[in-house]
Amino acid sequence: MAFSLSDDEKKWLLKRAHHLLEAAAKGIVPDPPDEDALSENLLMQTGAFVSIYENGNLRGCVGHFGDDMPLWKVVDHMTFAAAMNDPRFVPLQPDDVDNVRVDISVLTPMRKIRDVSEIIPGKHGIMIEKEGRGGTFLPQVAEKTGWNREELLGHCARDKAGLGWEGWKEADIYIYEALVFGDTGTE
């Protein structure tokens, strides 16, 4: 992955995400930053995921694959969505804000693969799509679970896309990479 962010850019995005969490929990919409003061990287149009953890457990995770918004805005939208709209969790409350940690995964563009041997677990995230159904796992999922390529594909097809354990065999598969950083120690 050729793209990188400086430590200052990472810190800015994390600080912005925490500011968004506090505002979202209070029902406030914060002002956008002055785009003239932002770096080229923060204005780059790319996708990102924001993962929120509470006491070490996932509390929300939502992402956007498009390249239709600047990175800072994607992080804003995905932070709000992870805190308030992830259907797996109740919305974040004001008392929860001090107990959460944030990971941000900045994504490279997806690339359709011809053969699953192209997938390197831990390096590549995967997206599986078939007939309007889809699911994804970020690259760090393989690292955290210890799944090999076939387990990663099976879990994504069954658990995320609803296609059954071997549903990936008849689906379109895409890979991508992620620059992951956050206050949970991931770098």
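For the chain, the longest principal axis of the alpha carbon atoms and the long axis of helix 71-84 meet at an angle near 90°.
Where does helix 7-25 land angle-wise versus the long Cα axis of the chain, in degrees 0 to 90, nearest 10? On a 0 to 90 degree scale, this one is about 80.
Residue ranking by accessible heavy-atom surface, 1.4 Å probe, largest first, among S105, S39 comes out as S39, S105. Put simply, the stretch 132-178 fits an ellipsoid with semi-axes of 17, 12, 9 Å; these come from the alpha carbon gyration tensor as the roots of five times its eigenvalues, largest first.
Within straight cross-link reach of K160, meaning Cα distance under 18 Å, which aspartates and glutamates are found once same-chain residues fewer than 8 apart are removed? The reachable aspartates and glutamates, counting only those whose Cα sits under 18 Å from K160, are D86, E129, E131, E143, E150, E151, E170, D172.
What percentage of the solvent-accessible surface of the chain, computed with a 1.4 Å probe over protein heavy atoms, is contributed by carbon and sulfur atoms? The partial results should precede the final answer.
Working: 4600 of 9850 Å².
The value for the chain is 47 percent carbon and sulfur by accessible area.
For a quick check of understanding: with a 1.4 angstrom probe and all protein chains in place, what accessible area in square angstrom does R133 have, to the nearest ten? Taking all protein chains as shown, R133 has close to 130 Å².
Tell me the GluC sites (Glu not before Pro) within the stretch 94-140 that lie in a loop according to DSSP and have at most 15 other beta-carbon atoms within 10 Å. All intermediate terms of the calculation are to be shown ahead of the outcome.
Numbers: sites: E118, E129, E131; in loops: E131.
Within the stretch 94-140, the qualifying GluC sites (Glu not before Pro) (loop, at most 15 other Cβ atoms within 10 Å) are E131.
Where does the charge balance sit around A81 when Lys and Arg score +1, Asp and Glu -1, over other residues with C-beta under 14 Å from its C-beta? In short, +1.
Can you quote the Å³ per residue value for the convex hull of the Cα atoms in the chain, rounded to an integer? List each step's numbers first, then the result.
On the way: hull volume 22.3 nm³, N = 187.
Per-residue hull volume (Cα only) is 119 Å³.
Averaged over its residues, the stretch 1-79 has an accessible area of 52 Å² per residue, based on protein heavy atoms and a 1.4 Å probe.
The residues of the stretch 89-179 expose on average 53 square angstrom of accessible surface per residue, using a 1.4 Å probe on protein heavy atoms.
Around R101, with a cut-off of 10 angstrom between Cβ atoms, what is the net charge of the other residues, counting Lys and Arg +1 and Asp and Glu -1? All intermediate terms of the calculation are to be shown ahead of the outcome.
Numbers: positive: R59; negative: E54, D103, D183.
Net charge in that neighbourhood comes out at -2.
Taking 20 Å as the straight-line reach from the Cα of K26, the lysines in range (excluding those fewer than 8 positions away in the same chain) are K15, K73.
Extents of the stretch 1-89, largest first, come to 34, 30, 24 Å (Cα atoms, principal axes, whole angstrom).
Around C61, what is the net charge, scoring Lys/Arg as +1 and Asp/Glu as -1 over all other residues with Cβ under 9 Å from its Cβ?
Details: positive: R59, R88; negative: D86, D103.
Taking every Cβ under 9 Å from that of C61, the sum is 0.
The values are calculated or read from the model by the stated rules, or taken from the named source; none is laboratory data. Remember, it's a predicted structure, so these values are computed and weren't measured experimentally. Don't worry about glycine lacking a Cβ; one is built from the backbone with ideal geometry, like all the others, and counts go over all protein chains shown. Just the protein is used for accessible areas: all its heavy atoms, side chains included, with ligands, DNA and RNA removed. Shrake-Rupley method; radii C 1.70, N 1.55, O 1.52, S 1.80 Å.
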